[in-house]
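Quick notes on the structure that follows.
Readers should treat all values here as calculations from the given coordinates under stated rules, not as data from a laboratory. Worth saying up front: this structure is predicted, and the values here are computed from it rather than measured. Backbone-built Cβ (ideal geometry, glycine too); neighbour counts: all protein chains shown.
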Amino acid sequence: MVRGCWRGVIGSPQGLRSYLLTGEHILWNGKPKQGIQFQSSDAFLIPFSLLWGGFAIFWNFSVWEADAPSFFRLWGLPFLFIGIYLIFGRFLHDAYIRTHIYYAVTNQRVLVYNGGMGKSLKSLDIASLPTLDLTERRNRSGTISFEPSSSLFDSFYGWNSFRAWVPTLGGSVRFLDIPDARKVYEIIRRQFPRP
């Protein structure tokens, strides 16, 4: 992998190089898996979203067909929009966010950069990582977590909401769905200070 620059990540922002510290160089960089992804939490969320959305569509159709008062027509619209988002909008939103996320491991830090509308950088010193956990799949892709899960819901359901893809919104810092996760995990472990 190219050291000291971001050419290894296609489409990565060149301005990110300005975040490197003196003497710091990149050992690995990458992105989360792209496209529409399903998580284990979807086993609960998909049926819930279909129930919510189905009821919202039924409600709105009923009040508009019955020529109900304007209050009832307007009352159902927010629930309809939420239902549409839950059914398929959240997948598109999640995919969009991940197109702007870049990961890097340097000889000093792990970096998560969000190059989307609210550009932000989250970095943690390798020498003082709160935790280093690897979750690996059969195809060798996986997730590396550097902080404890941010909520009970995260821990219980393995929830990867859009907060997890944008660390500045409160999700714990992770490299989500990266290829060869164990290889990246070992690169990070090798950077720990020797006793």
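Quick notes
- Ranked by how many other beta carbons lie within 10 Å on average, peptides 73-83, 105-115 from highest: 105-115, 73-83
- Our compactness index for the range 42-95, the C-alpha radius of gyration over the empirical 2.2 N^0.38 Å, is 1.25.
- Cross-link reach list, aspartates and glutamates versus LYS183, counting only Cα pairs under 14 Å and skipping chain neighbours closer than eight places: ASP133, GLU136
- Residues ILE126, ILE87 arranged by fewest to most Cβ contacts within 10 Å: ILE87, ILE126
- Nearest-0.05 FRET efficiency for GLN39 and TRP75, computed from C-beta distance (R0 25 Å): 0.20
- Least to most buried among ILE36, ILE187 (fewest other Cβ within 10 Å first): ILE36, ILE187
- Of ARG98, ARG137, the sequence from fewest to most neighbouring Cβ atoms within 10 angstrom is ARG137, ARG98.
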